[in-house]
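Working notes, beginning with the structure itself.
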Amino acid sequence: MKFRIEPDVRPVVTSALALSGAVGVFALAFGVLAVGAGASVWQTCALSFFAFTGASQMSAMSIVSTGGTVSAALGSGLLLAARNGVYGLALSPYFGESLGKRLLAAHFVIDETTAMMTAQTNPRLQKIAFWTTAIALFSLWNLGTLIGAVLGGSIDPHTYGLDVGFTAAYITMLVPHLRTSNGRIAAAVGATLSVVLAPFLPVGLPILASGLAIFIGVRPQRAKTTA
């Protein structure tokens, strides 16, 4: 029997799969860089499986790779993950199912699933967008991490320029946030905290302190008024 996708669903599924594929490629780099930073294959894979939030994973591994403590890496990752809690509050009205389904959905509330879901106006398409993106992205992210981690032991990140992956990833994620006033203020405060505290605190802690600026970034935007 031939499987057919309804016309209104096809663009949603196609976009979700395309996005997931792109992120899966990025997961390869994460796996390589994580192993290069000193993590084992199983530690790298466990981080992707249980944390499943690229920014927090990148933050944790970047701190560890520069000699920071595990507590600093964990704290920074949790601060960055705070935005997912805000997303969860925003999306909660869309999930009027049982507590079990809400808990399951909570694990997949990240930037990509939130963006895909909120881009739809039809409640049916909203759920399709969320779950299609969630399942595809989670699968490819973990597969990419595993492949990258396995290859990481035989690849020198410096030789292929992958050592700049963390920095490039952060720049890529930063640009969209600079389009909002909250994002620009948060970036300025975070950068200032990191630079000012760097001479006085152990490695990793200035980055952890700068993560406090996320609470500025997640403040509700003030609506513009017209005369």
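The values are calculated or read from the model by the stated rules, or taken from the named source; none is laboratory data. Quick caveat: nothing in here was measured; it's all calculated off a predicted structure. Cβ placement follows ideal geometry from the backbone for every residue including glycine, while neighbour counts extend to all protein chains displayed.
Residues in region 63-85 that are hydroxyl-bearing (Ser, Thr, Tyr), surrounded by fewer than 22 Cβ atoms within 10 Å (Cβ to Cβ) and within 16 Å of Ala198 (Cβ to Cβ): Thr66, Thr69.
Filtered by the rule that a residue be part of a loop (DSSP other than H, G, I, E, B) and at pLDDT 80 or above, region 92-112 gives Phe95, His107, Phe108, Val109, Ile110.
Inspect all residues belonging to region 86-97 and state whether any of them is under 20 Å from Gly31 (Cβ atoms) and not assigned by TED's automatic domain parsing to the domain that holds Ala213.
Narrowing region 86-97 to residues under 20 Å from Gly31 (Cβ atoms): none.
The answer is no; no qualifying residue exists.
The set of residues in region 117-142 being within 15 Å of Gly88 (Cβ to Cβ) and surrounded by 20 or more Cβ atoms within 10 Å (Cβ to Cβ) consists of Met117, Phe130, Ala134. Assess whether Ala46 counts as being over 20 Å from Trp131 (Cα atoms), in the same structural domain as Thr118 (by TED's automatic domain parsing) and in a loop (DSSP other than H, G, I, E, B). No, not satisfied. Residue count for region 23-43, restricted to those that are surrounded by fewer than 23 Cβ atoms within 10 Å (Cβ to Cβ), small (Gly, Ala, Ser) and assigned to a helix (DSSP H, G or I): 3.
From the list Gly165, Gly190, Gly211, which one is crowded, with 17+ Cβ neighbours inside 10 Å, in a helix (DSSP H, G or I) and modelled with pLDDT of 75 or more? Break it down stepwise before answering.
Values: Gly165 fails: modelled with pLDDT of 75 or more; Gly211 fails: modelled with pLDDT of 75 or more.
Exactly one of Gly165, Gly190, Gly211 is crowded, with 17+ Cβ neighbours inside 10 Å, in a helix (DSSP H, G or I) and modelled with pLDDT of 75 or more, namely Gly190.
Only residues that are touching a residue at least 12 places away in the same chain (Cβ under 8 Å) and either hydrophobic (A, V, I, L, M, F, W, C) or within 12 Å of Gly144 (Cα to Cα) (or both) were counted in region 28-53, giving 18. Suppose we keep only residues that are at pLDDT below 80 and farther than 13 Å from Leu79 by Cβ within region 194-205. Which one would you say is surrounded by the most Cβ atoms within 10 Å (Cβ to Cβ)? This residue is Leu201.
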